[in-house]
Structures are given as C-alpha cells and as structure tokens.
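Participant: Sharing a structure here in structure tokens format.
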Amino acid sequence: MRNIILGTDWGEDCDDAVAVRVLTRSHKAGKINFIGAGINTHTPDAAPSLYRFLEKESCIIPIGVDKSCPKKDWQNRYQPRLAAETDKTDDDFEDAVRLYRRLICEAEGKVEIIEIGFLQVLAGALMSEPDDISPLSGMELFKEKVSKVWIMGGKWSEQGGKEFNFSYTPFARKAASVVLEKCPCEITLLGWEIGAGVPTGNTLSRDDYLYQVLADHGSPYGRESWDPMTAIMAVIGDEDMAGYNFVRCRASVDPETGANYYIPDENAKCKFVCKKFEDSYYIDMINEVIE
C-alpha cells in the first residue's frame with residue numbers, strides 16, 4: 001500500500017480540513033497508508049486542533065510542527081474550538097523536519113508526500129544533514145525512499161504567476177524555489193487556477209464536525225477546493241485517472257518574489273495539471289468521499 005505524508009498550513013484556510021477528510025477516509029478504505037502530517041505554520045492551537053480533528057476521524061497518526069517558524073497568534077476561526085477539546089499542547093509534538101525524516105526512514109517501501117501549504121518543512125527535510133535517525137542526508141533519503149511529491153502551489157496559467165503558498169513569506173518563496181530546483185523526485189503541481197471556483201463541502205450534514213470547521217471559517221456553503229483536489233489526485237495516484245491533462249516542464253519559483261515560471265520539457269521531473277472536465281466533475285468526486 002502507498003505510504004502518504006501530508007504537509008499542511010493547517011489553520012490558514014479550511015480547505016485543508018476537507019483535504020484531511022479525503023485522506024482519512026481513503027486511509028480507512030484501504031486505498032492509502034496515511035502515516036503522518038507536518039504543519040508548516042506555527043500557531044498555539046495548530047497541532048492540538050489537528051490532533052483533535054484526526055482523533056474525531058479515528059485516524060491517530062504522528063504530527064509534527066515547523067518550530068523554526070515564529071509562533072503567531074493569528075485570529076484563526078476554527079482551531080480554538082477543536083483545541084479546546086483536547087489537553088494536548090504545542091509542546092507535545094515533534095519538529096516537523098525530524099518527523100519527515102523519521103517517517104521516511106521507518107516506512108516499509110517508498111513514500112509519497114502531499115504538500116498543501118508552505119514548503120519550508122519539505123525543503124528542510126530535503127536539505128537536512130545526517131543525524132541519529134539516519135546516516136543519510138535528506139537528498140540521499142529522498143533519492144532512496146521518496147517516489148513522488150504532490151504540491152498545491154503556483155499559478156501555472158501564466159508565466160510569472162504568484163500564488164499564496166509560494167509567495168506569502170520570504171521563507172515560503174525560498175522554500176518553493178529550493179524544492180523545485182533540488183528535489184530529485186517527480187513532482188506534480190496543482191495551481192491556484194485549478195481549485196478556484198470549485199466549492200466542496202456544501203452538502204455536508206450540519207451535524208458533521210467538518211461542516212462546523214467550514215462554518216467557523218465563514219464558509220458554511222462550501223469552500224474552494226485547492227487542497228482537496230490535490231489530495232484526491234494523489235490518492236488516485238494518476239493525473240489522467242483523476243481527470244487532468246498535464247504539461248511536463250522545468251518549473252521554477254523566483255526566491256525573491258515567489259513568482260513561478262516554466263519551460264515545457266518532455267524529459268523534466270515536474271508537471272502541472274489542467275482540468276479535463278467541467279467543475280461539477282471534481283465537486284461530485286470530492287463530496288462523495290467526504291460525506
């Protein structure tokens with residue numbers, strides 16, 4: 001079974017929660033082995049709230065936090081309700097880069113990584129040095145054990161496009177640049193233009209705690225689906241079968257601006273996807289999984 005690690009900016013938006021539901025349901029259905037999650041933001045309630053959400057999903061997996069980020073007390077709209085339901089604190093969770101290294105080393109077989117937030121944890125793991133977990137560098141670990149990376153990021157409908165995950169902070173810009181330049185694995189990118197205008201979660205029961213997350217966020221009628229579209233494509237494991245054409249290319253991100261660029265190249269490791277069908281196709285696909 002395919003081993004999956006998730007990287008998420010849990011708390012900035014609520015489509016992360018929909019994506020996590022996609023992964024937990026797919027895990028319980030035996031389609032993937034969801035082995036851990038790293039949070040690439042750092043707010044007081046982030047890790048405890050994700051822990052509680054996963055607990056509600058009956059899917060307890062290791063969680064890591066990017067503790068190199070300054071802790072920010074953002075006015076998050078759904079983390080406090082979830083965090084209040086557990087006695088876990090930020091101190092109970094390990095560093096996310098260390099978690100990635102440990103999960104990659106411990107996994108039986110290859111690992112795939114889904115990134116639906118900022119990329120500094122992925123970049124940190126990729127560029128990490130040997131340690132007590134493994135005598136291999138991050139680059140050596142990725143070459144040996146990571147088969148694929150799925151990323152929600154960029155705006156590939158235009159050269160010089162700028163999207164939140166790749167451009168929001170200096171750390172995000174540098175990390176995106178490093179990953180696209182250095183990662184030895186195949187990378188599939190789902191850009192902002194794919195998930196915009198594709199709302200999901202609108203058919204959830206009002207008794208569903210995922211609906212409460214959406215409502216707390218201010219999206220009671222559903223939220224656009226950048227992250228769940230990336231997650232379900234990765235679960236399916238094939239861009240074409242998930243409903244996408246793709247452009248294989250040499251992709252890059254300017255580390256100063258976060259702007260993305262590409263040069264079509266049939267031999268390149270990266271590809272970005274383009275929708276084959278109407279938006280309703282993807283809406284129905286996701287809603288069927290999360291309900």
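Where a number appears in this text, it was derived from the coordinates with a stated rule and is not lab data. What you are looking at is a predicted structure, and each value in this text was computed from that prediction instead of being measured. Reconstructed Cβ throughout: ideal geometry from the backbone, glycine too, with neighbour counts over all protein chains shown.
Participant: Identify, from the list ASN40, ASN3, the residue that is in contact (Cβ under 8 Å) with a residue 60 or more places away in the chain and either surrounded by fewer than 24 Cβ atoms within 10 Å (Cβ to Cβ) or among the acidic types (Asp, Glu) (or both).
Facilitator: On inspection, the qualifying residue turns out to be ASN3.
Participant: Go through the stretch 108-119 and give me each residue that's surrounded by fewer than 24 Cβ atoms within 10 Å (Cβ to Cβ) and in contact with a helix residue (DSSP H, G or I) (Cβ under 7 Å, 6 or more places away or on another chain).
Facilitator: Correct list: LYS110, GLU112.
Participant: Oh, and also: Restricting attention to the stretch 233-277, report how many residues are in a helix (DSSP H, G or I) and within 17 Å of LEU119 (Cβ to Cβ).
Facilitator: The qualifying residues number 1.
Participant: Could we say that LEU210 is farther than 16 Å from GLU163 by Cα, surrounded by 22 or more Cβ atoms within 10 Å (Cβ to Cβ), touching a helix residue (DSSP H, G or I) at 6+ places or on another chain (Cβ under 6 Å) and hydrophobic (A, V, I, L, M, F, W, C) here?
Facilitator: Against the criterion (farther than 16 Å from GLU163 by Cα, surrounded by 22 or more Cβ atoms within 10 Å (Cβ to Cβ), touching a helix residue (DSSP H, G or I) at 6+ places or on another chain (Cβ under 6 Å) and hydrophobic (A, V, I, L, M, F, W, C)), LEU210 does not qualify.
Participant: Shifting gears a bit: Picking from LYS174, LYS145, LYS155, which residue would you name as being surrounded by 16 or more Cβ atoms within 10 Å (Cβ to Cβ), in contact with a Cys (Cβ under 9 Å, 6 or more places away or on another chain) and charged (D, E, K, R)?
Facilitator: Exactly one residue qualifies, and that residue is LYS145.
Participant: Being in a helix (DSSP H, G or I), touching a helix residue (DSSP H, G or I) at 6+ places or on another chain (Cβ under 7 Å) and more than 25 Å from ARG2 (Cα to Cα) narrows it down to one of LEU141, LEU82, LEU122, so name that one.
Facilitator: Going through LEU141, LEU82, LEU122 in turn, just one is in a helix (DSSP H, G or I), touching a helix residue (DSSP H, G or I) at 6+ places or on another chain (Cβ under 7 Å) and more than 25 Å from ARG2 (Cα to Cα): LEU82.
Participant: Restricted to the stretch 17-31, and to residues that are surrounded by fewer than 24 Cβ atoms within 10 Å (Cβ to Cβ), touching a residue at least 24 places away in the same chain (Cβ under 8 Å) and not hydroxyl-bearing (Ser, Thr, Tyr), which residue is nearest to GLU94 (Cα to Cα)?
Facilitator: Within the stretch 17-31, the match that is nearest to GLU94 (Cα to Cα) is HIS27.
Participant: Further, regarding this structure: When you scan the stretch 215-231, how many residues do you find that are surrounded by fewer than 24 Cβ atoms within 10 Å (Cβ to Cβ) and touching a residue at least 12 places away in the same chain (Cβ under 8 Å)?
Facilitator: The qualifying residues number 7.
Participant: If you take the residues in the stretch 174-219 that are in contact with a Gly (Cβ under 6 Å, 6 or more places away or on another chain) and not in a loop (DSSP other than H, G, I, E, B), which one is nearest to TYR261 (Cα to Cα)?
Facilitator: The residue in question is LEU189.
Participant: State the number of residues belonging to the stretch 240-269 that are aliphatic (A, V, I, L, M), surrounded by 16 or more Cβ atoms within 10 Å (Cβ to Cβ), out of contact with any helix residue (DSSP H, G or I) (no Cβ under 8 Å at 6 or more places or on another chain) and within 30 Å of SER280 (Cβ to Cβ).
Facilitator: Result for the stretch 240-269: 1.
Participant: Could you identify the single residue in SER225, SER205 that is within 21 Å of GLY117 (Cβ to Cβ) and not β-branched (Val, Ile, Thr)?
Facilitator: So the residue among SER225, SER205 that is within 21 Å of GLY117 (Cβ to Cβ) and not β-branched (Val, Ile, Thr) is SER225.
Participant: Can you tell me which of ILE187, ILE194 is out of contact with any Pro (no Cβ under 8 Å at 6 or more places or on another chain) and either buried (at least 23 other Cβ atoms within 10 Å of the Cβ) or of a type outside the set (A, V, I, L, M, F, W, C) (or both)?
Facilitator: ILE194
Participant: Out of all the residues in the stretch 90-101, is one or more buried (at least 16 other Cβ atoms within 10 Å of the Cβ) and assigned to a loop (DSSP other than H, G, I, E, B)?
Facilitator: Within the stretch 90-101 (the criterion being buried (at least 16 other Cβ atoms within 10 Å of the Cβ) and assigned to a loop (DSSP other than H, G, I, E, B)), the answer is yes, since at least one residue qualifies.
Participant: Looking at (1) crowded, with 24+ Cβ neighbours inside 10 Å; (2) over 19 Å from the mean Cα position of the chain (by Cα), which is the one condition that is false for SER134?
Facilitator: Result: SER134 fails condition (1) only.
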